[in-house]
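Structure first, then comments.
The values are calculated or read from the model by the stated rules, or taken from the named source; none is laboratory data. All values reported here derive from a predicted model rather than from experimental measurement. Positions of Cβ are generated from backbone atoms using ideal geometry, with glycine treated the same way; all protein chains shown enter the neighbour counts. Just so you know, the surface numbers come from the protein's heavy atoms only, side chains and all, with ligands and any DNA or RNA stripped out. Shrake-Rupley method; radii C 1.70, N 1.55, O 1.52, S 1.80 Å.
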Amino acid sequence: MAAGKGTRLKSKRAKVLHQIGGKPLLAHVIAAAARIVPAEDIYVVVGHQAEEVRAAVADTNVNFVLQPEQRGTGHAIMCAREQVRQYRNLLVLSGDVPLIRPTTIERLRDFHLARKAAMTILTAEPAEPFGYGRVIRAGSENVKAIVEQKALSTALQKVQEINSGIYAFATGPLLADIDRLTSDNAHHEFYLTDMAALLVKRKARVMAIKADDPEEVLGANTLAELASLDAQLRLRKCQELMSSGVVIYRPDTCVIDADVEIAADTVLEPFVQILGKSRIGSDCRVRSFSVISDSQLSDKVLVKPGCILDQSQISSGAILGPYSHLRPGSEIGESAHVGNFVETKKVRMGRGSKANHLTYLGDAEIGAGVNVGAGTITCNYDGTNKHKTVIEDGAFIGSDSTLVAPVRVGKGAYVAAGSSITDDVPEDALAIGRGRQVLKEGWASRRREARSKMDGK
Ligand code: UD1
Ligand code: CA
């Protein structure tokens with residue numbers, strides 16, 4: 001169920017589109033569901049901002065059902081009636097309960113099938129049950145009813161066990177009675193939770209199973225709750241990584257998205273962010289204050305403090321930073337160095353090449369063993385078009401050179417410091433592209449003399 005607006009978020013964006021762990025709430029729920037059943041058997045009920053919600057999870061290959069008006073969780077299931085009829089049993093998940101683990105869904109399913117229940121509710125006992133529907137038991141496994149917060153009598157407010165919003169149903173009894181739901185309640189909505197009492201009245205079996213970890217079923221109704229779920233998810237991610245051999249000094253300070261992969265023996269220093277589809281090999285070290293997005297690092301890469309990497313590929317043994325900015329399309333070769341205040345974009349840099357200081361390399365192909373001196377700039381843009389710079393193997397670019405593209409510096413060639421290179425430099429040549437130095441002997445002392453005469457007047 002993902003059709004609701006999420007009024008309590010006070011946001012114009014649909015709730016299930018809000019992100020935790022770097023992806024929409026709904027994407028987490030679908031990922032958990034897809035571990036239990038194939039994507040083609042998953043139906044997402046969409047309504048509020050339906051098109052945006054569909055687009056956000058289009059890559060999961062699930063089906064969608066439209067709930068044109070959001071008239072409650074019971075109504076959401078009514079809208080999916082035709083689609084679910086073909087299945088004997090149905091698992092219902094809430095798009096805003098994103099920390100649910102596949103193993104817990106499996107436990108719910110197995111319990112439901114073993115007990116041959118008509119409805120099984122996944123419950124929990126969180127420290128603070130306020131705001132959730134409460135599960136009123138009748139005996140140890142059976143349930144009498146679910147009562148929403150607003151309808152709780154003083155006596156029932158003591159009930160600690162909450163409804164997670166996750167259920168298993170036998171489809172037959174559900175569809176037989178779902179039209180008996182009424183909207184006679186505080187929100188004038190059709191509550192799916194009322195199915196519990198309805199089915200009990202029909203003498204059908206309604207049961208509950210409690211999740212071991214109440215944190216797993218916490219809902220996100222406000223931005224504060226969303227932030228706390230995000231923190232939990234990221235801590236869980238750090239714990240997974242640590243248990244697989246990744247060293248994380250201060251996990252509470254690191255922001256690592258759910259889909260990030262990191263191999264064993266890599267070290268993450270405090271305050272790093274690793275986002276999106278990033279992959280990091282083994283024996284790497286990511287030092288503090290680096291932000292790595294959608295990038296791939298092989299093994300033994302050192303990222304010194306303060307680097308920003310976006311859609312870049314780094315080969316093994318490379319050293320980056322401090323303060324390097326690698327923009328999309330940067331491919332840094334084996335054991336290459338990209339140093340302080342170096343910006344790269346759409347660059348292929350060969351094995352062992354170095355650009356250690358204060359440099360911009362854009363739209364360039366740089367061979368192996370190239371030395372790019374401090375302050376070098378590829379002038380890749382003429383105001384209309386981008387042009388390419390090629391620097392072949394073993395070339396040496398003197399400091400403070402500008403390479404006006406399109407231009408090629410041949411194998412083993414030298415560019416003198418301070419040059420502005422506008423023509424290709426052949427292999428093994430030296431190019432000097434600057435004004436010659438002029439010397440005026442005694443000029444400074446003559447100037448000083450002239451000054452002191454003026455002051456004397
Ligand atoms: C619901 C349960 C409550 C439970 C809580 C757990 C009901 C009536 N109450 O309350 O017992 O403790 O979840 O988190 O079900 N949705 C639709 N269409 C609608 C309305 C909602 O698809 O018309 C979707 C929402 O997008 C959301 C989910 O259903 O993903 C739950 O809806 P929400 O309004 O958040 O229910 P709660 O008030 O949290
Ligand atoms: Ca909710």
Where a residue in segment 414-426 is modelled with pLDDT of 95 or more and of a type outside the set (G, A, S) and its partner, wherever it lies, is open to solvent by 80 Å² or more (accessible area, probe 1.4 Å) and not in a loop (DSSP other than H, G, I, E, B), with Cβ under 8 Å and at least six apart: Y414/L430; V415/L430; D424/R408; V425/R408
If we keep just the residues of segment 21-31 that are within 14 Å of ligand 1 (Cβ to nearest atom) and over 18 Å from L192 (Cβ atoms), which is farthest from the chain's Cα centre (by Cα)? I30
Strands (runs of 3 or more DSSP E) completely within segment 350-457 that count 3 or more residues being not hydroxyl-bearing (S, T, Y): 354-366, 407-409
Of the residues in segment 61-77 that are open to solvent by 40 Å² or more (accessible area, probe 1.4 Å) and assigned to a strand (DSSP E or B), the one that is farthest from A39 (Cα to Cα) is L66
Could you check S228 against (1) open to solvent by 40 Å² or more (accessible area, probe 1.4 Å); (2) more than 13 Å from ligand 1 (Cβ to nearest atom); (3) modelled with pLDDT of 95 or more; (4) of a type in the set (S, T, N, Q) and say which number it fails? (3)
Yes or no: segment 440-450 includes at least one residue that is in contact (Cβ under 8 Å) with a residue 40 or more places away in the chain and out of contact with any helix residue (DSSP H, G or I) (no Cβ under 9 Å at 6 or more places or on another chain). no
Only residues that are exposed (fewer than 14 other Cβ atoms within 10 Å of the Cβ), farther than 18 Å from D283 by Cβ and not basic (K, R): list them for segment 244-268, please. D252
Those residues of segment 78-112 which are of a type in the set (V, I, T) and either open to solvent by 30 Å² or more (accessible area, probe 1.4 Å) or without any contact (Cβ under 8 Å) to a residue 60 or more places away in the chain (or both) amount to T103
Taking segment 392-406 on its own, how many of its residues are open to solvent by 10 Å² or more (accessible area, probe 1.4 Å) and within 14 Å of C379 (Cα to Cα)? 5
Residue check for S288: within 21 Å of F271 (Cα to Cα), surrounded by 22 or more Cβ atoms within 10 Å (Cβ to Cβ) and within 20 Å of the chain's Cα centre (by Cα): no
Hits in segment 145-159 - residues which are farther than 19 Å from V206 by Cα and touching a residue at least 24 places away in the same chain (Cβ under 8 Å): K150, A151
Exactly one of these conditions fails for S140: (1) on the phi > 0 side of the Ramachandran plot; (2) away from ligand 1 (no atom under 15 Å from the Cβ). Give me its number. (1)
Quick count over segment 1-60, residues being assigned to a helix (DSSP H, G or I), more than 16 Å from ligand 2 (Cβ to nearest atom) and of a type in the set (D, E, K, R), is 6
Residue check, L17 more than 28 Å from V291 (Cα to Cα), within 12 Å of ligand 1 (Cβ to nearest atom) and either in contact (Cβ under 8 Å) with a residue 40 or more places away in the chain or touching a helix residue (DSSP H, G or I) at 6+ places or on another chain (Cβ under 7 Å) (or both): no
Got a sec? Which of S183, S153 is in contact with an Asp or Glu (Cβ under 8 Å, 6 or more places away or on another chain), among the hydroxyl-bearing types (S, T, Y) and open to solvent by less than 70 Å² (accessible area, probe 1.4 Å)? S183
Between residues in segment 116-144 that are open to solvent by 60 Å² or more (accessible area, probe 1.4 Å) and residues that are in a loop (DSSP other than H, G, I, E, B), which pairs lie under 8 Å by C-beta distance while being six or more apart or on different chains? K116/R205; E125/Q160; E125/E161; R137/E161; N142/R205; K144/A138
Out of A208, A196, A220, A204, I need the residue that is within 16 Å of ligand 2 (Cβ to nearest atom) and among the aliphatic types (A, V, I, L, M). Which one? A220
